[in-house]
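First the structure, in the form of structure tokens, and then the observations on it.
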Amino acid sequence: MAIEYVAGNSPIHRLNPITKVFFSLYIIFVTLGLRDIFSLAIVLVSIMVLWALAGIPRLLSRFKFLFVIMLASGAIWVAAQTLLWMFGGPYISVFEFNIPFWPVDKPFGRIYFQGLTYGLAMVIRIVCIFSCVPLLTLTTSVPQIAVSLQKLKFPYKFNFAFSTAVRFSPLIFTTYYDIKDAQVLRAHDIDKMSYLDKVRKAFVPVVTPLFMSLLRRSDDLEIAIESRAFGAPVKRTFVEEFRFTHVDYIFLIVMALFAALVIYGQIYWQGYFVPSDWMWWVPSWAKPPTFLPT
Amino acid sequence: MAEPIVTIENLSFTYPSGERKALDNVNIAINEGEFVVVMGANGAGKTTLCLTLNGVIPSLINGTYEGKIIIDGLQTTKTPIFNLAQKVGITLQDPESQLLAPSVKSEVIFGPENLGIPREEILKRLAYALKVTRLDGKEAASPLQLSGGQKQRLALACAIAMQTKILILDEPTSQLDPIGTTEVFSVTKDLNKKFGITVIMTEHKSEEIADFADRVILLHEGKVVADGNPHEVFQNEQLFNESKVKLPQVSQLFHWINKHEKAKEFPVTLEEGISALSKLFEEKKIHEKKGYMINRAESSHSDKVVLETREMWHTYPPDFVALKNISLKIYEGEFVALIGQNGAGKTTLVKHFVGLLKPTKGNVVVLGEDTKKKTAAQLSRNIGLVLQNPDHQLFAQSAEEEVAFGPTNLGLSKEEVDKRVDEALKLVGLEKMRKAYPFRLSFGDRRKLAVAAIYAMKPSVFILDEPTTGQDFQGRYDIVEIAKNLNERGNAVVMITHDMELVTRYSHRTIVLGNGEVILDGPTHEVFEKPDVLQTTYLKPPQIGQLAQALEKQGVHKDIITVDEFKESLSFRK
């Protein structure tokens, strides 16, 4: 799977999972705060540096097609933003036309520079946020995540359900494919059916055995869990523990400095710092004045 | 004598849906350090016995429970499972579903963590448990990446980490290949002999059992019918036949010899068999028939090729070469066994035969048609594959509906489908069960139903992928007899199995796969004459073949591969 843990010993692997979760939240905060493409590009580049540190490009090389799709949809997004932008600033007139009764008194068919930068900023923002996902999932093993959840005071039963589900999902997939094969051998070929047939009759012969085999498995699992003292009325030990090491502290300090720089920069150039309109929950008297380019 | 560590007194248990008692007045006392093997056909009560020992019955599984079990001073019905878990560790038949953690390490520490044992102590236990099960260095691996044998050893390590004095292994090797079986047996033996752990194991493989069990208990329909050391218990041939449990081949031979010429000792292992038989030869009590030729029905296949692979390769992405340059021809009317360790490529190969996989290089031709040009569903009227697990295909409300599914998909008329359903159910002996709900059938019957479902498609080539997994001795013969029946009607049969005895009894030709290559291909007896080549893919000739090969100097034909052939070759002094 694309997001499954791959063992490694990079600084990113050694980070405390909580730091990594914190980092993802931090990136969301910062990228929503930043509006100009240059600062956003710096954020993106620094995430890419972390990618390189963790060895992710090598791991994801199999998924080149995903990047192509992302790139293409990003380009479409930028193009759409560019063409639909209608606010001030310099523009190139391409093919001007008016739509009758359109409430805005400006013609379509102009390429605004501001529209271009706005679209680019949006795309970089999304890419930044998505790039944090593999930084967490590819470098953190399931037991580590479970321990962090434990540290964050999630109940143990929830953690157990989480890690067992992760453990068994590949098994469910292989069972599903085995069953599908078994039915193909009886001339029941889901992949070759029409959509109507799929809906009408395709899944019963596949889903029934899958369901039965899962039920049987869960019986076995219950025996295995109980005979290993699950739920014993004692205080459970947690062998895996994660301390914040100096790598974590360095990371956190760099993050803090960067955040300070962003806020300072925003205030210096814009006169205020506003993460974005997503701060709807901030009371109106505390909200900075709304910013609309004119 | 010290107190027994396990005492079972007048134990009876009936499942809520059971028609008879699963366990019927069982009385057993087991001493610390014993290695006890419980034998019995499927349904004899072996698994039920295991689950009563660790308290899962009656805590998790309800039913009518009588009698009592005392484990190391604790009565199971009055002790919570988590306390019993520190006395009794258990491994289950399916290596897959008993492992629940994402890594080997977290798997092993799961139990001790639940008990709240101090961290340092758990780490010590982890190191110890992995060392004795020879899994050290694999802490970070995911249990899913392990081989079958390693998975079972991991399950053992989990039990050991609980520091139990008693280990229960419920058919630990029934789903493993020969190398996995050897691994699990040798680790278990170590745990018992070196570390003094009491072992209670249920198992079908009588030849291995004879090698290391101190004591054999035979169950039949919930009752203990024999209990003693292997030498005593294996002497009672009739009892084993009635209980449908197999004796070691050496013992089978000596039961026959003893009827003519009483040997002094009764051998149960290969070594004992070799020494006992060579003594008889030396004393001239027994000798090879002069000029004896093994009477082998030459394989009577026609010249028509039904299945052919031409310089076929298969590479799984990104670069795992699973099959290398396979060129085979299978003729109409042949019975072929396909053997080799897990991962050798057997299943990958048969999936090519039926078109589920297409070769990445070369061709597969079924009845003159290239599989690349057809889908697996289209090929299914010519070639049938019964997959390993019958539960992966049964879904219908009744047995007849199940069998009718395939032919109906082929678009046959109602009359034709009905005719085929009757015929198929009759072939496998389930005609009385036609209205039965498939999931309610026994495992053996479910497997027969799966065969019937493929038979109803009337393919001319039948492939059985490990029809013996999880089956007892009788179930194995039943299913292979069906295959033989089909073969006698002129169909080609290809069977994947790890059971060498079945191979020698049924197949004319044997193909050995190792690391994706055909390493041997020829008449079965010729293949088993090359133990050194077989060894490279961790296979051995059946015990009787090893006996014959060891006694070659005494004039025994070294190509003997079945007990019957051995019997025929011997004659007694007048």
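Taking region A:53-99 as the region of interest, how many residues are in a loop (DSSP other than H, G, I, E, B) and open to solvent by less than 100 Å² (accessible area, probe 1.4 Å)?
Within region A:53-99, residues that are in a loop (DSSP other than H, G, I, E, B) and open to solvent by less than 100 Å² (accessible area, probe 1.4 Å) number 9.
Could you say which residue among B:THR375, B:THR371 is assigned by TED's automatic domain parsing to the domain that holds B:ASP521 and surrounded by fewer than 19 Cβ atoms within 10 Å (Cβ to Cβ)?
When all the criteria are applied, what remains is B:THR375.
Name, by its number, the condition in (1) open to solvent by 20 Å² or more (accessible area, probe 1.4 Å); (2) touching a residue at least 12 places away in the same chain (Cβ under 8 Å); (3) not in a loop (DSSP other than H, G, I, E, B) that does not hold for B:ASN342.
So B:ASN342 meets the others, but not (3).
For region B:163-181, name all the residues that are aliphatic (A, V, I, L, M) and part of a strand (DSSP E or B).
B:ILE166, B:LEU167, B:ILE168, B:LEU169
In region B:391-426, how many residues are among the aliphatic types (A, V, I, L, M), free of Cβ contacts under 8 Å to residues at least 40 places away in the same chain and not in a helix (DSSP H, G or I)?
The number of residues fulfilling the criteria is 1.
Taking region B:417-475 on its own, how many of its residues are of a type in the set (Asp, Glu), open to solvent by 20 Å² or more (accessible area, probe 1.4 Å) and within 18 Å of the chain's Cα centre (by Cα)?
Count: 1.
Within region B:87-96, can you find the residues that are under 19 Å from B:MET201 (Cβ atoms) and at the interface with chain A (Cβ under 8 Å from one of its Cβ atoms)?
Across region B:87-96, the qualifying residues are B:VAL88, B:GLY89, B:ILE90, B:LEU92, B:ASP94.
So which of B:PHE254, B:PHE281, B:PHE240 is open to solvent by 10 Å² or more (accessible area, probe 1.4 Å) and either closer than 30 Å to B:HIS525 by Cβ or at pLDDT below 90 (or both)?
B:PHE281
Assuming A:GLY33 fulfils every condition listed in (1) open to solvent by 100 Å² or more (accessible area, probe 1.4 Å); (2) farther than 17 Å from A:GLN114 by Cβ apart from one, which condition is it?
The single condition A:GLY33 does not satisfy is (1).
Considering only residues of region A:121-170 that are within 14 Å of another protein chain (Cβ to nearest Cβ) and not in a helix (DSSP H, G or I), which is farthest from the chain's Cα centre (by Cα)?
The extreme case among them is A:SER141.
From the residues in region A:185-210 that are at the interface with chain B (Cβ under 7 Å from one of its Cβ atoms) and either more than 18 Å from B:GLN378 (Cβ to Cβ) or not charged (D, E, K, R) (or both), which one is surrounded by the most Cβ atoms within 10 Å (Cβ to Cβ)?
Here the residue is A:LEU185.
Out of all the residues in region B:58-86, which are open to solvent by less than 10 Å² (accessible area, probe 1.4 Å) and facing chain A (nearest Cβ under 10 Å)?
B:LEU84, B:ALA85
Can A:PHE238 be described as without any contact (Cβ under 8 Å) to a residue 40 or more places away in the chain and either under 26 Å from B:LYS124 (Cα atoms) or more than 7 Å from chain B (Cβ to nearest Cβ) (or both)?
The answer is no for A:PHE238.
Tally time: how many residues in region B:345-365 are within 13 Å of chain A (Cβ to nearest Cβ) and among the β-branched types (Val, Ile, Thr)?
4
Does B:THR309 fit the bill of being within 27 Å of the chain's Cα centre (by Cα) and hydroxyl-bearing (Ser, Thr, Tyr)?
no
Condition first: in the same structural domain as A:LEU83 (by TED's automatic domain parsing), of a type outside the set (D, E, K, R), over 30 Å from A:PHE238 (Cα atoms) and touching a residue at least 40 places away in the same chain (Cβ under 8 Å). Can you find one or more residues in region A:133-147 that meet it?
No; the residues of region A:133-147 include none that is in the same structural domain as A:LEU83 (by TED's automatic domain parsing), of a type outside the set (D, E, K, R), over 30 Å from A:PHE238 (Cα atoms) and touching a residue at least 40 places away in the same chain (Cβ under 8 Å).
Tell me yes or no: at least one residue of region A:172-184 is open to solvent by 30 Å² or more (accessible area, probe 1.4 Å), modelled with pLDDT of 80 or more and assigned to a loop (DSSP other than H, G, I, E, B).
no
Residues that are of a type in the set (Ser, Thr, Tyr) and surrounded by fewer than 22 Cβ atoms within 10 Å (Cβ to Cβ): does region B:476-498 have at least one?
yes
The values are calculated or read from the model by the stated rules, or taken from the named source; none is laboratory data. This is a predicted model, so every value here is computed, not measured. Because the Cβ atoms are built from the backbone with ideal geometry, glycine has one as well, and the counts that use them run over all protein chains shown. Ligands, DNA and RNA are stripped out before the accessible areas are found, and what is left, the full protein with its side chains, is counted by its heavy atoms. Shrake-Rupley method; radii C 1.70, N 1.55, O 1.52, S 1.80 Å.
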